[in-house]
Amino acid sequence: MSEFLSRLDFAWPWAWLLIFLPLIGRYFLPQDRELKEHVRVPFLPELIDELKLNSQPVRSSKLASIMFWLVWILLVAALSRPEYLTPPQHIQKPMRDVVLILDVSGSMGKNDVQGGITRLQAVQDSVRKFVAARKTDRIGLVIFASSAWPFAPVSEDKQALQTRINQLAPGMIGEQTAIGDALGVGVKLLDSTTNKDASKLAILLTDGNDTASQLAPALAAQLAASHHVQVHTIAFGDLNSTGDDKVDLPLMQDIARITGGKSWTAAGSGAALDSVWKEIDAITPVQVKSIGWSWHIPLFQWPLLLALVLLILLAVTRFVREKTA
């Protein structure tokens, strides 16, 4: 009971001042008394005592007065809008926004990963595990090849994100590689999030070098750093390849260095790629902010209902008394 009272509040506490209104009306406002003619009956006191007429009016008057004050207090209590403040419910709010920037160029369809799967299939398997482990982070997806596109918004909807990851295919937006454009799109996607207090992280994975960007990768890295986006880079595929298919390791390392991130290489092995994603998961622990919410439950209907019940009882009692008189 004490805990309930400690959480009881009134939305309009000043309404309690109305409780004195009937007394003000009775004692301070002018009363118009009607002049009446009186007939002197010397034996009236004896008649009242004989017929026992002096007890019922007094009891009736006291009962009416008590009922009036009970109803009035209940009506004032309802007007003051009593509320019950529920115990705070703590909600965990994600404090890290992550964007996965994945290469889907034609070279990602090469079937040179251990186990007889394509590079993109190995990436999809590892990324699905990473997303499943980050239960409270908000994660988005950017894909790039000849151009860069936001493929999934930054959100907590992991099921929708997993569906988008399953839809990836090599060469779906071209054969070339636009690393700088992809990083720029990732920064823009992170800037569009509503939680401005969250830390921002991008993870860039590619198996080639930049061949199609309109935004230079070095400039994109500086843009990310100016927007406080930390970028981790993963070089995947055959590190011994040549030409456009060769991963630009110095570029990947520079992007990570400029933005305060780290750079990894994972060559030709799904297990090696899994290990990289696990390291990223370990060095970027989940960040959450606990927020307490309390709900105001209105209680005005209860005193209002009780006042109505008392008025009905009073009316029924008076009706029965008049019928039996």
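Only one of (1) open to solvent by less than 10 Å² (accessible area, probe 1.4 Å); (2) assigned to a helix (DSSP H, G or I); (3) touching a residue at least 40 places away in the same chain (Cβ under 8 Å) is not met by ASP125, so which one is it?
Looking at each condition in turn, ASP125 falls short on (1).
Of all residues in region 162-178, count the ones that are closer than 23 Å to GLY261 by Cβ and in contact with a Lys or Arg (Cβ under 7 Å, 6 or more places away or on another chain).
Summing the residues that are closer than 23 Å to GLY261 by Cβ and in contact with a Lys or Arg (Cβ under 7 Å, 6 or more places away or on another chain) in region 162-178 gives 1.
Please go through region 243-259 and give me each residue that is open to solvent by 30 Å² or more (accessible area, probe 1.4 Å), in contact with a helix residue (DSSP H, G or I) (Cβ under 6 Å, 6 or more places away or on another chain) and within 14 Å of VAL229 (Cα to Cα), ordered by number.
ILE258
Can you pull out the residues in region 199-216 that are open to solvent by 10 Å² or more (accessible area, probe 1.4 Å) and either touching a helix residue (DSSP H, G or I) at 6+ places or on another chain (Cβ under 9 Å) or more than 25 Å from ALA282 (Cα to Cα) (or both)? Steps first, answer last, please.
First pass over region 199-216, keeping only residues open to solvent by 10 Å² or more (accessible area, probe 1.4 Å): 199-200, 209-216.
If the condition is that a residue be open to solvent by 10 Å² or more (accessible area, probe 1.4 Å) and either touching a helix residue (DSSP H, G or I) at 6+ places or on another chain (Cβ under 9 Å) or more than 25 Å from ALA282 (Cα to Cα) (or both), then LYS200, ASN209, ASP210, THR211, ALA212, SER213, GLN214, LEU215, ALA216 are the ones that fit.
Exactly one of these conditions fails for SER155: (1) in contact with a strand residue (DSSP E or B) (Cβ under 7 Å, 6 or more places away or on another chain); (2) open to solvent by 50 Å² or more (accessible area, probe 1.4 Å). Give me its number.
All conditions are met except number (2).
Could you list, in sequence order, the residues of region 96-140 that are farther than 20 Å from ALA271 by Cα, of a type in the set (Gly, Ala, Ser) and touching an Asp or Glu at 6+ places or on another chain (Cβ under 7 Å)?
SER105, GLY106
Does any residue of region 298-313 turn out to be part of a strand (DSSP E or B) and at pLDDT 90 or above?
yes
Any idea which of LEU29, LEU74, LEU51 is open to solvent by 90 Å² or more (accessible area, probe 1.4 Å) and at pLDDT 65 or above?
The unique qualifying residue is LEU29.
Quick one: which of ALA169, ALA132 is surrounded by fewer than 17 Cβ atoms within 10 Å (Cβ to Cβ), over 28 Å from ASP245 (Cβ atoms), at pLDDT 90 or above and not acidic (Asp, Glu)?
Just one listed residue meets the conditions, ALA132.
Pick out the one residue from ASP157, ASP181, ASP197 that is out of contact with any Lys or Arg (no Cβ under 7 Å at 6 or more places or on another chain) and either aromatic (Phe, Trp, Tyr) or in contact (Cβ under 8 Å) with a residue 60 or more places away in the chain (or both).
Exactly one residue qualifies, and that residue is ASP197.
Mind counting the residues in region 236-272 that are farther than 15 Å from VAL113 by Cβ, part of a helix (DSSP H, G or I) and more than 36 Å from the chain's Cα centre (by Cα)?
The total comes to 8.
Checking the condition part of a loop (DSSP other than H, G, I, E, B) and touching a strand residue (DSSP E or B) at 6+ places or on another chain (Cβ under 9 Å), which residue from THR211, THR233, THR136 passes?
THR136
Just one of GLY180, GLY184, GLY174 is within 16 Å of ALA212 (Cβ to Cβ), in contact with a helix residue (DSSP H, G or I) (Cβ under 8 Å, 6 or more places away or on another chain) and open to solvent by less than 10 Å² (accessible area, probe 1.4 Å); which is it?
Every option except GLY180 fails the conditions.
Each row is one residue, and each column tells you yes or no for (1) under 20 Å from the mean Cα position of the chain (by Cα); (2) modelled with pLDDT of 90 or more.
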residue: SER55; (1), (2): no, no
residue: SER65; (1), (2): no, no
residue: SER80; (1), (2): no, yes
residue: LEU85; (1), (2): yes, no
residue: VAL123; (1), (2): no, yes
residue: THR163; (1), (2): no, yes
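The values are calculated or read from the model by the stated rules, or taken from the named source; none is laboratory data. In this text the structure is predicted, and so the values were computed from the model without any measurement. Neighbour counts are summed over all protein chains in view; Cβ atoms, including those assigned to glycine, are modelled from backbone coordinates with ideal geometry. Ligands, DNA and RNA are stripped out before the accessible areas are found, and what is left, the full protein with its side chains, is counted by its heavy atoms. Shrake-Rupley method; radii C 1.70, N 1.55, O 1.52, S 1.80 Å.
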